[in-house]
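Nothing in this text is a laboratory measurement; each read-out follows from the coordinates by a stated rule. All of these numbers come straight from a predicted model, not from anything done at the bench. Here the Cβ is made from the backbone with ideal geometry for all residues, glycine too, and neighbour counts use every protein chain on show.
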Amino acid sequence: MRGRGADAAGFSLVEVVIAMFIFGLIAIALLPPLINGLRFSSEQALTATATRQLNALIEQARERPKCADINLLAPATFERFTVGDGGYVCTPGSVNTLTLTARDAAGEVLATATAKVLVDS
């Protein structure tokens, strides 16, 4: 058998397998934080979407400040959440407080928006 000469360079198969095993252990150790980060990111994206939608509904109420139009804003159903008004009662000719709440499929509150709207008589 011949030994390795001085000019023989590179890694043996055993060294490559050991390095792959070590890298695999490191990857497995980093997997749970990665999964938790993705889950948290998804929840935050849903909350941001619900907040934007609530703000858009409030702007619609301000654009058409009539009781009939405001009462049509909620309840509303979107792809991943629903919007309710919490028992809003419209009084024409006065400033009304409109509160909208977005809830996910499990009923958890994602976002709440409150605004004062001057309703036409």
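Data for the structure
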quantity: Members of segment 57-98 that are part of a strand (DSSP E or B) and either among the aromatic types (Phe, Trp, Tyr) or touching a Phe, Trp or Tyr at 6+ places or on another chain (Cβ under 7 Å) (or both); calculated: 98
quantity: Qualifying residue in segment 15-32 (condition: out of contact with any Cys (no Cβ under 6 Å at 6 or more places or on another chain), among the aliphatic types (A, V, I, L, M) and either in a loop (DSSP other than H, G, I, E, B) or under 28 Å from residue 102 (Cβ atoms) (or both)); calculated: no
quantity: Criterion (more than 21 Å from residue 108 (Cβ to Cβ) and exposed (fewer than 15 other Cβ atoms within 10 Å of the Cβ)) met by exactly one of 38, 31; calculated: 31
quantity: Pairs with Cβ under 6 Å, 6+ apart, first in segment 49-73 and within 18 Å of residue 92 (Cβ to Cβ), second assigned to a helix (DSSP H, G or I) and among the β-branched types (Val, Ile, Thr); calculated: 61/70
